[in-house]
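For reference, the structure discussed in these notes is given below.
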Amino acid sequence: MSTVQRDTSISVRRAQSAGEGFVNSRLFAILSRAGFVARALVYGIIGLLAFDLAIGQGGKITNQQGALRSVEQHPFGHFLLTLLAVGLGGYALWRLLRAALGHGREGTDRGIERLGALGSGIAYAAMCVIAVQILTGPGTSGKGAKKTAGDVFTWPAGRWLVAIAGVVLAGVACYQLIRGLRKKFLEDSKTDQMPHLVYKGFTVLGTIGHVARAVVFGLIAVFLIKAAYDYKANEAIGLDGALGKLYDGAYGAWLLGAVAAGLIAFACFSLVEARYRKI
């Protein structure tokens, strides 16, 4: 082994050791658990607004950015959104470090889960950036799915990239469905420390919540793939678009209400995870 290779190997080991040290710190645990609370708030707002619309009590269909803007519009909203940005950043950091380092002694280290952690980390990092943008620039607004797809279509092989994004998201939807129906999420939490009633409720909420997310992600995936196939960016949809498709279809209010209730269940599940998740 050459001197350069040896020095590089030593540097990598030191960086990994430093990363593991931070992952095992109390600060990292606090940031990670705060992230589950932030995730719960975002999904809770989206689910509640959609459910209100479904039952005819006002409400609206919105996405993650809309949920963040809803927080800012309330009393002490700026302060709450700052806390939410910290939580989203902490959750993103946790997922990205787990993608890089694996899941440690209490979890698994399978490649598919590390890829899932990477995708989740990137998504929540983007949500954190949106929260910061709302805090620092009232006039800023994120790109919608149609605008983003239109931009990607202008890139070399952009059409294929949109199609690949759709296929990847379809895989995520399947993973969420399997994770929910087979209750795989129980493996990631300290279920042995839960009181019996908490365990039963956690199991029900997790199953319903993961299935609801699978439905939403699956719809987004289908329309991304369709947009790539038809080469029409305006066919791409995001989370709000997926909920809108449910509402516009046959039995729309019932379907939207069911999925919205599922997203609320996922929000409640996330709150319990904040306490019992294996970090």
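Suppose all protein chains stay in the model; what accessible area per residue would a 1.4 Å probe give for the stretch 143-279, in Å²? Don't jump to the answer; show the numbers that get you there.
Details: 7010 Å² over 137 residues.
It amounts to 51 Å² per residue over the stretch 143-279.
At 27 angstrom or more along the helix axis (alpha-carbon based) and mean Kyte-Doolittle of -1.0 or higher, what helices does the chain contain? Whole DSSP H runs only. Each step should come with its number before you reach the end.
Working: long enough: 3-23 (30 Å, -0.41); 26-54 (42 Å, 1.50); 77-101 (35 Å, 1.27); 111-136 (37 Å, 1.36); 158-181 (34 Å, 1.43); 196-230 (51 Å, 1.24); 252-276 (35 Å, 1.46).
Helices passing the filter in the chain: 3-23, 26-54, 77-101, 111-136, 158-181, 196-230, 252-276.
In terms of Cα to Cα distance under 23 Å, which lysines are near enough to LYS245, apart from those fewer than 8 places away along the same chain?
Here the lysines satisfying the reach criterion relative to LYS245 are LYS60, LYS143, LYS146, LYS147, LYS226, LYS232.
Test of the criteria: in the stretch 236-279, which trypsin sites (Lys or Arg not before Pro) are in a DSSP loop and have at most 14 other Cβ atoms within 10 angstrom of their Cβ? Walk me through the numbers on the way to the answer.
Working: sites: LYS245, ARG275, ARG277, LYS278; in loops: LYS278.
The qualifying sites are LYS278.
Highest GNM mean-square fluctuation, the chain, Cα pairs closer than 10 Å: which of ARG95, ARG33, ARG114?
Comparing ARG95, ARG33, ARG114 in the GNM, the peak value goes to ARG114.
Considering the options ALA214, ALA131, PRO195, tell which one lies farthest towards the positive end of the dipole of the chain, charges being +1 on Lys and Arg and -1 on Asp and Glu at the Cβ, about the Cα centre.
PRO195
Report in % the part of the accessible area of the chain that belongs to carbon and sulfur, leaving out ligands and nucleic acids; probe 1.4 Å. It would help to have the intermediate numbers written out before the result.
On the way: 9670 of 14670 Å².
The value for the chain is 66 percent carbon and sulfur by accessible area.
Please work out the Cα center distance from the stretch 247-277 to the stretch 61-99, rounded to the nearest Å.
Taking the Cα centre of the stretch 61-99 as reference, the centre of the stretch 247-277 is 18 Å away.
Let me spell out the model: positive unit charges on the Cβ of Lys and Arg, negative unit charges on the Cβ of Asp and Glu, origin at the Cα centre of the stretch 177-244. What dipole size does that give, in debye rounded to 20?
On the way: 9 positive and 6 negative charges, 47 e Å.
Dipole about the Cα centre, nearest 20: 220 debye.
For the chain, set up a Gaussian network in which alpha carbons nearer than 10 Å are linked by springs, and say which option among TRP94, TRP254, TRP155 fluctuates the most.
TRP155
The values are calculated or read from the model by the stated rules, or taken from the named source; none is laboratory data. Keep in mind it's a predicted model, so treat the numbers as computed, not measured. Cβ atoms come from the backbone with ideal geometry, glycine included; neighbour counts cover every protein chain shown. Remember, those area values only see protein heavy atoms, side chains included, never the ligands or the DNA or RNA. Shrake-Rupley method; radii C 1.70, N 1.55, O 1.52, S 1.80 Å.
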